[in-house]
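**Student:** The structure is given below, and queries will be raised subsequently.
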């Protein structure tokens, strides 16, 4: 049955696996996978009742083969995809995902950004017929198994407005909670967005940080880390990339936090039952 027709478990309010991953993922656990898509971002999330979220789609079609490793071979549907911001290394793979999978919902900022890939992405959404949700702080997504996602940034709807000089500053920030454990996803957010969150009054004291902007030097400030206090960090990054990500300054700031990297360890899986957290890597 098409998931679009029984998507009752998502409530929107504007306040307004490689072998071990598929066969070995524990039941009644939230599973979060930093997919190995090279120099880009793609994070797959599966809730205890097998509701599925894909945050960003990576720089090419590699995300499709990665999804085939962490999803059952017969599963051709994804409940929600989230585009943090419309840069190609986070977006390109979504076009093929929308062609191959039944995608029920798309969450994005809707900011104006004039590239061919972004236009193709929006056309793919229209062809798919997925519901579009415009991101802004206060949006809450609740699943029927206790998993909740809160949108923390952008503060207000920016749909239809022109992107700033650095479109990274429009990145969707989302907090994922299951039981006592919390994850934070920040796209390519820089220090400006980090500071906005620090002073927003939101609870961003989390357990797992999906490190911003592939570990760029201009992200993951000491102030931000003091506020978030992660117990482990995930870095999605390509091997020997031309940007020097993750930057040594960022790694130094994260020196007290266990770091898992897709460039050296491949696909990274984080499992939690809401209390305990375990990590498995592809290599």
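The values are calculated or read from the model by the stated rules, or taken from the named source; none is laboratory data. Because the structure is predicted, anything quoted here is derived from the model rather than measured. Because the Cβ atoms are built from the backbone with ideal geometry, glycine has one as well, and the counts that use them run over all protein chains shown.
**Student:** Inside segment 44-64, can you point out the residues that are farther than 19 Å from residue 186 by Cβ and in a loop (DSSP other than H, G, I, E, B)?
**Tutor:** 47, 48, 49, 50, 51, 60, 61
**Student:** Can you list the helices (runs of 4 or more DSSP H) found entirely within segment 200-282 that contain at least 3 residues being over 26 Å from residue 65 (Cα atoms) and out of contact with any strand residue (DSSP E or B) (no Cβ under 6 Å at 6 or more places or on another chain)?
**Tutor:** 222-228, 248-253
**Student:** Something else about it: Just to check your reading of the model, which residue among 36, 41, 28 is over 26 Å from residue 139 (Cβ atoms), in a loop (DSSP other than H, G, I, E, B) and at pLDDT 95 or above?
**Tutor:** Residue meeting the stated conditions: 36.
**Student:** A further question on this structure: Identify all residues within segment 155-174 that are surrounded by fewer than 23 Cβ atoms within 10 Å (Cβ to Cβ) and part of a loop (DSSP other than H, G, I, E, B); write none if there are none.
**Tutor:** Passing the criteria: 155, 156, 157, 158, 159, 160, 161, 163, 164, 165, 166.
**Student:** Would you please list the contacts, defined by Cβ atoms under 8 Å and residues six or more apart or on different chains, that run from a residue in segment 194-214 that is on the phi > 0 side of the Ramachandran plot and modelled with pLDDT of 95 or more to a residue that is surrounded by 21 or more Cβ atoms within 10 Å (Cβ to Cβ) and outside any loop (DSSP other than H, G, I, E, B)?
**Tutor:** Final answer for the pair search is 213/168; 214/235.
**Student:** For residue 105, which of the numbered conditions (1) in contact with a strand residue (DSSP E or B) (Cβ under 9 Å, 6 or more places away or on another chain); (2) crowded, with 18+ Cβ neighbours inside 10 Å; (3) more than 30 Å from residue 28 (Cβ to Cβ) fails to hold?
**Tutor:** (3) is the only condition that residue 105 fails.
**Student:** Quick test of your reading of the structure: residue 177 fulfils all but one of (1) under 22 Å from residue 46 (Cβ atoms); (2) assigned to a loop (DSSP other than H, G, I, E, B); (3) touching a strand residue (DSSP E or B) at 6+ places or on another chain (Cβ under 7 Å). Name the failing condition by number.
**Tutor:** Against the list (1) under 22 Å from residue 46 (Cβ atoms); (2) assigned to a loop (DSSP other than H, G, I, E, B); (3) touching a strand residue (DSSP E or B) at 6+ places or on another chain (Cβ under 7 Å), residue 177 comes up short only on (2).
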